[in-house]
Amino acid sequence: MTLLPSGANAENIANACSIRFRLSVTSEASMLSELIGDIYDAALDPTFWMRALERSCNFVGGSSAVLYWHDVASESSAALHLFNDDPHYTRLYFERYMPMNPVFPAATFIESGLIYTPTDIVPEAELFDTRFHREWVEPQGIADVICVNLEKGTTSSSVLNIRRDNTHGIVDDAARQRAALIVPHFQRAVAIGRLFDQRKTAQAVLTETLNNVEAAIFLLGLNGRIVFLNGLARTMLDEGALLYERRGALTAVAPDAQRLLRDLVAAAESGDLMAGGQGAAIPLSDSPARRWFAHVLPLTAGDRQRAGAVHSAVAAVFVRRTSPASPPPLEALGKLYSLTASEIRVLDAIMKVSGVQALADLLGLSQATVKTHLHNVFRKTGTARQSELVKLIAGFEQPTTR
């Protein structure tokens with residue numbers, strides 16, 4: 001017979017469970033808050049990136065992590081910051097296995113900020129059949145990887161990978177949700193990291209790098225006064241469609257956007273971190289055709305204070321359009337002909353080598369697998385030879401819509 005608690009004893013047990021639940025929620029909230037602070041501080045002092053990546057693994061659930069960039073056009077890649085990687089396998093990746101990575105180039109087509117895993121791009125059976133998986137992934141005991149493009153260019157992307165070993169298992173919904181909480185902060189940290197490079201004088205960096213950031217950047221002082229802006233920001237002010245300068249202050253055209261901008265800058269000015277210390281996004285337009293957002297990041301916390309002090313700035317404002325530019329030919333062809341990630345890999349490889357054996361060697365696949373993918377590409381694109389595919393890619397122009 002099972003004895004069930006009753007009366008005061010049952011109430012005490014219920015209270016204890018409630019307390020443990022509240023403590024767990026509070027602990028997670030505190031962990032997230034500390035992690036976000038680490039991410040922004042690492043943007044200004046690169047020595048903190050390892051700590052930020054370690055805490056990201058602890059929060060999301062992972063054994064190692066890497067920040068890197070990959071360019072499919074130049075066939076180049078580089079690890080920027082790593083936590084708990086195996087140096088031997090990291091070296092092997094860049095020396096031998098990078099061209100065999102089955103998720104590229106399709107992974108560069110995924111919009112920035114979206115969480116994905118390798119099996120979201122390549123079916124598991126195909127993935128496991130590659131040399132890349134057998135010779136590089138399996139020996140390290142990597143069970144799955146949480147991936148996200150922090151920034152997406154025409155042919156390149158900046159990527160965050162959080163790797164999970166067998167103790168963590170396959171990426172589940174909970175891990176995706178946790179990763180989604182920190183991704184926006186990684187994205188803004190990557191951008192602001194280019195603004196303030198501690199290896200150079202702050203003034204030189206602001207002059208040299210702000211104009212190379214793919215966003216309009218404003219540094220704001222007291223009362224929203226513009227203390228620095230890059231070239232894209234100047235163009236946006238000159239156009240005056242979404243933002244303009246009024247008495248030296250940054251002002252949004254839309255009344256609701258202006259109220260939010262004013263309140264967030266005031267909160268940053270007063271050091272009220274509870275009112276947006278981790279940044280906030282302001283929609284500048286409701287028009288589906290012009291979906292622009294201003295991301296406001298206070299510069300009055302942690303190491304960000306040093307960065308803001310360069311121009312007595314209290315906040316940085318990043319203005320970006322959410323919709324991507326026209327996709328490059330390879331991405332557009334993939335969408336037009338409904339090519340799989342593996343078929344896109346073969347199509348990309350045809351621009352580099354010719355012949356089934358050369359394609360198999362480059363991609364780390366068997367000749368039979370390459371022939372299967374080639375047959376599918378021929379069928380979908382209405383071509384019959386590799387030379388026709390080369391002409392298709394070289395002469396493709398994305399149709400414009402009016």
- Message: Restricting to region 56-77, and then to whatever is open to solvent by 60 Å² or more (accessible area, probe 1.4 Å) and of a type outside the set (A, V, I, L, M), can you tell me which residue is nearest to the chain's Cα centre (by Cα)?
- Response: 69
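Here's the yes/no breakdown for (1) at pLDDT 85 or above; (2) of a type in the set (A, V, I, L, M, F, W, C):
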position: 311; (1), (2): no, no
position: 325; (1), (2): no, yes
position: 350; (1), (2): yes, yes
position: 360; (1), (2): yes, yes
position: 390; (1), (2): no, yes
- Task: Please verify whether region 130-142 includes one or more residues that are within 16 Å of residue 186 (Cβ to Cβ) and among the hydrophobic types (A, V, I, L, M, F, W, C).
- Result: no
- Give the residue, chosen from 125, 107, 191, 179, that is farther than 20 Å from residue 78 by Cβ, open to solvent by less than 10 Å² (accessible area, probe 1.4 Å) and not in a strand (DSSP E or B). 179
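Table: residues versus (1) open to solvent by less than 30 Å² (accessible area, probe 1.4 Å); (2) assigned to a helix (DSSP H, G or I); (3) touching a residue at least 60 places away in the same chain (Cβ under 8 Å); (4) farther than 22 Å from residue 170 by Cα.
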{"position": "30", "(1), (2), (3), (4)": "no, yes, no, yes"}
{"position": "36", "(1), (2), (3), (4)": "yes, yes, yes, yes"}
{"position": "41", "(1), (2), (3), (4)": "yes, yes, yes, yes"}
{"position": "79", "(1), (2), (3), (4)": "no, no, no, yes"}
{"position": "102", "(1), (2), (3), (4)": "yes, no, yes, no"}
{"position": "120", "(1), (2), (3), (4)": "no, yes, no, no"}
- Task: Please find, among 342, 338, the residue that is surrounded by fewer than 17 Cβ atoms within 10 Å (Cβ to Cβ) and at pLDDT 85 or above.
- Result: 338
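Among the residues of region 134-154, is any part of a loop (DSSP other than H, G, I, E, B), charged (D, E, K, R) and open to solvent by 10 Å² or more (accessible area, probe 1.4 Å)? If you could, list the steps in order and put the result at the bottom.
First pass over region 134-154, keeping only residues part of a loop (DSSP other than H, G, I, E, B): 141, 153-154.
Subsequent filtering for residues that are charged (D, E, K, R) retains none.
Within region 134-154, not a single residue is part of a loop (DSSP other than H, G, I, E, B), charged (D, E, K, R) and open to solvent by 10 Å² or more (accessible area, probe 1.4 Å).
Could you go through region 61-73 and let me know if any residue there is of a type in the set (Val, Ile, Thr) and touching a strand residue (DSSP E or B) at 6+ places or on another chain (Cβ under 6 Å).
Quick first cut of region 61-73, residues of a type in the set (Val, Ile, Thr) only: 66, 72.
In the following step, the residues that additionally are touching a strand residue (DSSP E or B) at 6+ places or on another chain (Cβ under 6 Å) were identified as 66.
There is at least one residue in region 61-73 that is of a type in the set (Val, Ile, Thr) and touching a strand residue (DSSP E or B) at 6+ places or on another chain (Cβ under 6 Å).
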- Long-range neighbours under 9 Å by Cβ, at least six apart or interchain, first residue farther than 17 Å from residue 131 by Cα and in contact (Cβ under 8 Å) with a residue 60 or more places away in the chain within region 352-376, second open to solvent by 40 Å² or more (accessible area, probe 1.4 Å) and not in a helix (DSSP H, G or I): 352/75
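The values are calculated or read from the model by the stated rules, or taken from the named source; none is laboratory data. Model, not experiment: these values are computed from the prediction. Positions of Cβ are generated from backbone atoms using ideal geometry, with glycine treated the same way; all protein chains shown enter the neighbour counts. These accessible areas exclude ligands, DNA and RNA; they are computed on the full protein's heavy atoms, side chains included. Shrake-Rupley method; radii C 1.70, N 1.55, O 1.52, S 1.80 Å.
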